[in-house]
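Remarks on the structure that follows.
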Amino acid sequence: MFNKINTLGGYFHEYQKSVSEPEKFWAQQADSFYWRQRWTHVTQWDFEKPTINWFCNAKLNITENIFEKNLYTHGEQIAIDWEPNDPNEASRQYTYQELLSVVNQTANALKREGIKKGDTVILYMPMVPELVIAVLACARIGAIHSVVFAGFSAQALADRVRDAEAKIVLTANFGYRAEKTIALKQIVDEALEKSDLVQRVVVYQRTQKEVPLKKDRDILWDEFLADTSTDCPAEILDSEDPLFILYTSGSTGQPKGIVHSTGGYMVYSAYTFANVFQYQDGDVYFCTADVGWITGHSYLVYGPLLNGAHIVMYEGVPSWPDSGRMWDIVGKYQVTHFYTAPTLIRALLTMGNEYLEGKALSSLKVIGTVGEPINEDAWHWVHDHIGQNRCPVVDTWWQTETGGVMIAPIAGVTPTKPSFATLPLPGIQPVIIDNDGQEQRGNSVEGNLCIRYPWPGMARSIWGDHERFKQTYFSQFEHYYFSGDGVRRDEDGYYRILGRVDDVINVSGHRLGTAEIENAINEHPLVNESAVVGYPHPIKGQGIYAFVVCPQTSTGGEAGIKQSIEQGVNKLIGPIARPDLIQLVPNLPKTRSGKIMRRILRQIAAGDATSLGDISTLLDEQIVDIIINEALVDV
Ligand code: 6R9
């Protein structure tokens, strides 16, 4: 395999090489993959346009690198251990050989439906092995998968189906979440009411319960797979052919369909997995992320499987049947690597240490976190009690757009510091830029986190809107990729991520655009307008605080209107976007030019209105006092 780093000196050496000769460095990493045709150039790029190409003109299929390349050594080894929601239900297991057979069957079934290279496929599924299988089946035939997290509402799903122009949707009758079942098929039906493009819906039967099937459109999973061969030659793709689209929230308007490439994403997800986690043969890797998010794509599916890893996939929620479930899973599968989100750690921490009693945690070697800053309390708890002072905690900073980890410790190699993502991985050149566009050199500086040089795993475009791609990431600071995060580089050169500097909030590690939530609230017939901000929340990291202008409250009074606003957000986006606090206000603080001064609302929501700074540009300064007096937090 590629260069694996195992000493701090080795890290600095690799890092230096990757900066002084990036093309040589990445060619070396890429050399260990199976290419049908080698590249003519390592990279060709231009951040002004922007165009980004890696391993130009090379041909490959990513699934051949997961399967065929490793079958001789790994064929009989376990690829997936799947743990169901209900601990009393039987678990399921796939070796690499078995996984390949069913991936091929599913790929052949998709082909039979007329799906071919370049077509988009929407996956709206619970966390069952069939979801991973469907992802890989798409990759096998060069179809572009777009996984939509199965907690999104019918409207959110409909928007994504339309934007991706998908002709086929794969789903399940129901999904399990703790004691509840979620009627996924019914949500799909609702989402497709207004769509004529989707001609086929494939329904995996997760439960015994039957659901209505629409004639000529819907087909059950078993029928879909019937009489399909376990052989399916891999479609040979160009390195730059899209592998998948994944929607994520931005600071304005509709979610963006982030497009990832085949060759570059493969090299980057595999390289970063191997190095950050220091996974070794015989280890067992458990990532709690849903495949509906980028972490599930890069570090449940592609990165680990490209490394021949043994993964544990869990269907349910972390606190069910009780708050010891994660540790039961660690014990049951002898998990060595546990990758999760700070919000999960905080939630379990508050439940108390009695849930750790009698749990077998001694197999653990490495703990990873992702999605949001990890506060020091959570870091220490997971380090001391879960990792038992033995396991390095790797705080990994990255984004949907970056495809893989960017700034993180190399487990057991980079000395860690609580709440610091530490140092950039080889190939990553972070730059800190102030609001005037000046690069902040040296240590003990802070500003906007940008990246100077492309890396293979970075996004290539926004589906159907390349101009928006340029505007969002390459226009704010000329010549650089702009992440949207603020960062501090401390006196040791260590990076600490400070959070978003734009109108994106991070709730339990899920990215949500405030504009998206406002749009949903404003759909309410009695709402004039609204402003949504994040505020510090002990478990979720950030909570959602909505200031809503709603002159008439009609029947049901304030409580009624708040409830119907919540229902509306649930319906239009999904429960993850439901406001934690809704304050009805007579008006919003606006400048004379009509701009909402979110800064003020953010400060109020954070409970700190002692120095609101200059509010002289406000049209009506009194509104600030009114909002403070009726605030739902102590100000
Ligand atoms: C992988 C993922 C990206 C945003 C990112 C940042 C925040 C992610 C973090 C972190 C502090 C970390 N974020 N990891 N903040 N420390 N280790 O989460 O992708 O859903 O696109 O979110 O999450 O604000 O910009 P995505």
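(1) on the phi < 0 side of the Ramachandran plot; (2) touching a residue at least 24 places away in the same chain (Cβ under 8 Å); (3) touching a strand residue (DSSP E or B) at 6+ places or on another chain (Cβ under 9 Å): which one isn't true of Met597, the others all being true?
Every listed condition holds for Met597 apart from (2).
What tally of residues in region 352-370 results from selecting those that are over 19 Å from the mean Cα position of the chain (by Cα), of a type in the set (A, V, I, L, M) and surrounded by 15 or more Cβ atoms within 10 Å (Cβ to Cβ)? Outline the logic, then answer.
Initially, region 352-370 is screened for residues over 19 Å from the mean Cα position of the chain (by Cα), giving 352-366.
Retained after the next criterion (residues that are of a type in the set (A, V, I, L, M)): 356, 360-361, 364, 366.
After this cut, where a residue has to be surrounded by 15 or more Cβ atoms within 10 Å (Cβ to Cβ) as well, the list is 356, 361, 364, 366.
Residues in region 352-370 being over 19 Å from the mean Cα position of the chain (by Cα), of a type in the set (A, V, I, L, M) and surrounded by 15 or more Cβ atoms within 10 Å (Cβ to Cβ): 4 in total.
Condition check ((1) at pLDDT below 95; (2) farther than 30 Å from Val569 by Cβ; (3) out of contact with any Gly (no Cβ under 9 Å at 6 or more places or on another chain)) across all residues:
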{"position": "Arg452", "(1), (2), (3)": "no, yes, yes"}
{"position": "Trp463", "(1), (2), (3)": "no, no, no"}
{"position": "Phe469", "(1), (2), (3)": "no, no, yes"}
{"position": "Ser475", "(1), (2), (3)": "no, yes, yes"}
{"position": "Tyr480", "(1), (2), (3)": "no, yes, yes"}
{"position": "Asp492", "(1), (2), (3)": "no, yes, yes"}
{"position": "Asp503", "(1), (2), (3)": "yes, no, no"}
{"position": "Ser508", "(1), (2), (3)": "yes, no, no"}
{"position": "Arg511", "(1), (2), (3)": "yes, no, no"}
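Within region 1-36, work out how many residues are closer than 20 Å to Asn61 by Cβ, without any contact (Cβ under 8 Å) to a residue 60 or more places away in the chain and among the polar types (S, T, N, Q).
So the answer is 1.
Here are the criteria: (1) among the aliphatic types (A, V, I, L, M); (2) under 21 Å from the mean Cα position of the chain (by Cα); (3) in a loop (DSSP other than H, G, I, E, B). Tell me which single one Leu344 does not satisfy.
It fails just one condition, (3).
Within region 199-215, identify whether any single residue is open to solvent by 40 Å² or more (accessible area, probe 1.4 Å) and assigned to a strand (DSSP E or B), and answer yes or no. Before the answer, list the steps.
Looking only at region 199-215, we keep the residues that are open to solvent by 40 Å² or more (accessible area, probe 1.4 Å), and these are 199-200, 205, 208-210, 212-215.
The next check asks that each one be assigned to a strand (DSSP E or B); those that pass are 200.
Yes, that holds for at least one residue.
For region 478-490, which residues satisfy the criterion of being part of a strand (DSSP E or B) and either open to solvent by 20 Å² or more (accessible area, probe 1.4 Å) or away from the ligand (no atom under 13 Å from the Cβ) (or both)? Break it down into steps so the answer makes sense when it comes.
To start, the set of residues in region 478-490 that are part of a strand (DSSP E or B) comprises 481-489.
Residues satisfying the conditions are Arg488, Arg489.
Could you tell me whether any residue of region 293-314 is within 15 Å of the ligand (Cβ to nearest atom) and outside any helix (DSSP H, G or I)?
The answer is yes, given that some residue of region 293-314 is within 15 Å of the ligand (Cβ to nearest atom) and outside any helix (DSSP H, G or I).
Checking the condition outside the structural domain of Gln97 (by the TED database) and under 27 Å from Tyr480 (Cα atoms), which residue from Gln44, Gln77 passes? Show your work before the answer.
Values: Gln77 fails: under 27 Å from Tyr480 (Cα atoms).
The conditions single out Gln44.
Residue-by-condition table, conditions (1) within 15 Å of Tyr453 (Cα to Cα); (2) modelled with pLDDT under 95:
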{"residue": "Thr396", "(1), (2)": "no, no"}
{"residue": "Thr402", "(1), (2)": "yes, no"}
{"residue": "Ser419", "(1), (2)": "no, yes"}
{"residue": "Pro424", "(1), (2)": "yes, no"}
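Out of region 609-625, which residues are within 37 Å of the chain's Cα centre (by Cα), at pLDDT 80 or above and loosely packed, with under 14 Cβ neighbours inside 10 Å?
If the condition is that a residue be within 37 Å of the chain's Cα centre (by Cα), at pLDDT 80 or above and loosely packed, with under 14 Cβ neighbours inside 10 Å, then Thr610, Ser611 are the ones that fit.
Regarding region 586-594, can at least one residue be identified that is assigned to a helix (DSSP H, G or I) and surrounded by fewer than 15 Cβ atoms within 10 Å (Cβ to Cβ)? Let's see the steps before the verdict.
First, the residues of region 586-594 that are assigned to a helix (DSSP H, G or I): none.
Scanning region 586-594, I find no residue that is assigned to a helix (DSSP H, G or I) and surrounded by fewer than 15 Cβ atoms within 10 Å (Cβ to Cβ), so the answer is no.
If only one of Glu76, Glu89, Glu130 is open to solvent by 10 Å² or more (accessible area, probe 1.4 Å), in contact (Cβ under 8 Å) with a residue 12 or more places away in the chain, acidic (Asp, Glu) and in a loop (DSSP other than H, G, I, E, B), which one is it?
On the way: Glu89 fails: in contact (Cβ under 8 Å) with a residue 12 or more places away in the chain; Glu130 fails: in a loop (DSSP other than H, G, I, E, B).
Among Glu76, Glu89, Glu130, only Glu76 is open to solvent by 10 Å² or more (accessible area, probe 1.4 Å), in contact (Cβ under 8 Å) with a residue 12 or more places away in the chain, acidic (Asp, Glu) and in a loop (DSSP other than H, G, I, E, B).
The values are calculated or read from the model by the stated rules, or taken from the named source; none is laboratory data. Model, not experiment: these values are computed from the prediction. Positions of Cβ are backbone-derived with ideal geometry, glycine not excepted, and every protein chain shown enters the neighbour counts. Accessible surface is based on the protein model in full, side chains and every heavy atom, while ligands, DNA and RNA are left aside. Shrake-Rupley method; radii C 1.70, N 1.55, O 1.52, S 1.80 Å.
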